[in-house]
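Please read the structure below before turning to the comments.
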Amino acid sequence: MIRLHDVRRTGPRTRNLPETSARRPLLRPVLRHVAACVAAVAALVAGPAASAETWPSRPVTLLVNGGPGSLPDLFARPLAERLHRALGQPVVVENKPGAGGMLAMQQLKSAPADGHTLALVTNAHLVWNPYIFPALTYDPARDLQPVSPLAVIPMALTVNDKLEAKSLDQLLALARQKPGRLNYASSGNGSPPHVLFEMLREQAGVDILHVPFKTGTAALNSVLAGDTEIYFAGTALVEPMVKDGRLRALAMSETVPDAAFGKTPTLAASNFRGFEGAVWLGVAARAGTPDAIVQRLNEEIGRAQQDGALKQMYASHGSLPYHLAAAAFAQRVATERDTSGPVLRKLGIKPD
């Protein structure tokens with residue numbers, strides 16, 4: 001009896017022990033995986049809200065595609081000062097010139113999407129570059145988030161004062177009479193003066209030779225010396241030479257309150273479209289930055305643009321303050337990609 005009782009008591013235990021022991025190692029990884037997934041979901045839900053509430057929690061970096069003293073840098077530093085006062089954290093300007101802005105955009109792409117790294121951008125960085133640089137290291141639509149525009153840079157189509165054309169119509173007529181004989185300067189392949197003049201040349205159906213230079217100053221000096229004949233440049237760069245008569249302004253991208261340009265007509269008045277506000281500066285963040293941070297930045301930039309001293313600085317650089325809500329700015333960028341992309345593909349512009 002004792003032996004039978006012992007077998008009945010211990011037998012099932014002996015059989016169940018290996019089965020239970022086998023289950024435990026299998027269940028532990030499953031439970032750990034479930035716990036990790038729950039934690040990850042909780043972090044995704046809580047993370048953006050928490051970061052938006054505490055942002056900025058450390059200094060903010062503003063990347064600039066240009067060296068100290070360049071036009072982008074001259075816009076970035078006064079903005080950084082005002083954002084510093086508004087946000088309560090330092091806003092550090094980091095100059096990253098070169099490669100058509102790819103160095104700065106690549107750094108922004110690699111940064112966390114937490115609003116602590118921003119970049120000063122133009123439509124070249126957000127719209128044109130994918131159609132110009134065959135080995136672009138970032139995708140503006142996928143990697144960058146438009147935050148706010150800052151300013152529009154009015155452009156003036158100017159010619160050497162020795163050129164016989166006194167109006168845009170006369171210039172185009174001369175180009176048709178002498179295909180390939182006229183030339184225009186630019187600050188490099190893919191630069192705004194190059195892209196915009198190629199768009200104008202395409203619309204007008206004329207053959208005018210492109211002569212690229214390394215800088216805008218070198219391009220300007222070539223036109224002043226008569227080595228080249230035409231320059232489509234920012235009004236601030238050419239205004240002194242238009243004023244003293246060494247350059248003649250034939251058309252503007254938009255009307256500007258500057259006596260030097262007098263009653264120079266806009267390109268739109270001559271039925272050339274797509275040049276109004278064609279060159280702009282703005283601020284972008286890493287894609288995925290929480291909406292609350294983007295909205296706060298947009299609002300603070302809008303407030304900074306109302307500062308009287310900042311407005312004077314814009315005017316001294318020949319620019320016009322320009323602000324949109326973040327969503328409207330993103331929509332403008334998307335629309336420009338749709339309209340400019342086919343034209344740029346057709347033109348086949350390539351970098352230096």
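Quick notes on this one:
- Residue satisfying condition, being more than 23 Å from Lys346 (Cα to Cα), at pLDDT below 90 and in contact with a strand residue (DSSP E or B) (Cβ under 8 Å, 6 or more places away or on another chain), within set Gly226, Gly216: Gly216
- Comparison of Ala185, Ala165 shows that the only residue that is under 25 Å from the mean Cα position of the chain (by Cα), farther than 21 Å from Lys109 by Cα and among the small types (Gly, Ala, Ser) is Ala185.
- Out of Ala151, Ala141, one residue alone is within 30 Å of Asp258 (Cα to Cα) and touching a residue at least 12 places away in the same chain (Cβ under 8 Å). It is Ala151.
- Listed by position, the helices (runs of 4 or more DSSP H) enclosed by the range 60-145 that each have at least 2 residues that are open to solvent by 30 Å² or more (accessible area, probe 1.4 Å), farther than 22 Å from Ala309 by Cβ and in contact with a Leu (Cβ under 8 Å, 6 or more places away or on another chain) are 102-110, 129-132.
- Residues of the range 164-210 satisfying the condition of being at pLDDT 95 or above and among the β-branched types (Val, Ile, Thr): Val206, Ile208
- The set of residues from the range 292-344 being within 23 Å of Val127 (Cα to Cα), acidic (Asp, Glu) and free of Cβ contacts under 8 Å to residues at least 60 places away in the same chain comprises just one member, Asp338.
- Residues in the range 215-236 that are open to solvent by 40 Å² or more (accessible area, probe 1.4 Å) and more than 11 Å from Asn160 (Cβ to Cβ): Thr215, Thr217, Asn221, Ala236.
- Residue pairs meeting the criteria (Cβ under 6 Å; at least 6 apart or on separate chains; first touching a residue at least 60 places away in the same chain (Cβ under 8 Å), in the range 155-184; second basic (Lys, Arg)): Val159/Arg248; Asp161/Arg246; Asp161/Arg248
- Checking each residue in the range 288-317 for being outside any helix (DSSP H, G or I), touching a strand residue (DSSP E or B) at 6+ places or on another chain (Cβ under 6 Å) and more than 18 Å from His116 (Cα to Cα) picks out only Gln305.
- The listed residue being in contact (Cβ under 8 Å) with a residue 60 or more places away in the chain, crowded, with 16+ Cβ neighbours inside 10 Å and over 24 Å from the mean Cα position of the chain (by Cα), out of Glu239, Glu254: Glu239
- Hits in the range 149-176 - residues which are of a type outside the set (S, T, N, Q), in a loop (DSSP other than H, G, I, E, B) and surrounded by fewer than 22 Cβ atoms within 10 Å (Cβ to Cβ): Asp161, Lys162, Leu163, Glu164, Ala165, Lys166
- Condition met for Phe329 (open to solvent by less than 60 Å² (accessible area, probe 1.4 Å), farther than 30 Å from Ala165 by Cα and hydrophobic (A, V, I, L, M, F, W, C)): yes
- Residue within the range 259-266 that is assigned to a loop (DSSP other than H, G, I, E, B), over 25 Å from the mean Cα position of the chain (by Cα) and in contact (Cβ under 8 Å) with a residue 40 or more places away in the chain present: yes
The values are calculated or read from the model by the stated rules, or taken from the named source; none is laboratory data. From a predicted model like this one, the values you see are computed outputs, not experimental measurements. As a convention, Cβ positions derive from the backbone with ideal geometry for all residues, glycine included, and neighbour counts pool all protein chains shown. The protein model used for the area step is the full one, side chains on, heavy atoms only, and it has no ligands, DNA or RNA in it. Shrake-Rupley method; radii C 1.70, N 1.55, O 1.52, S 1.80 Å.
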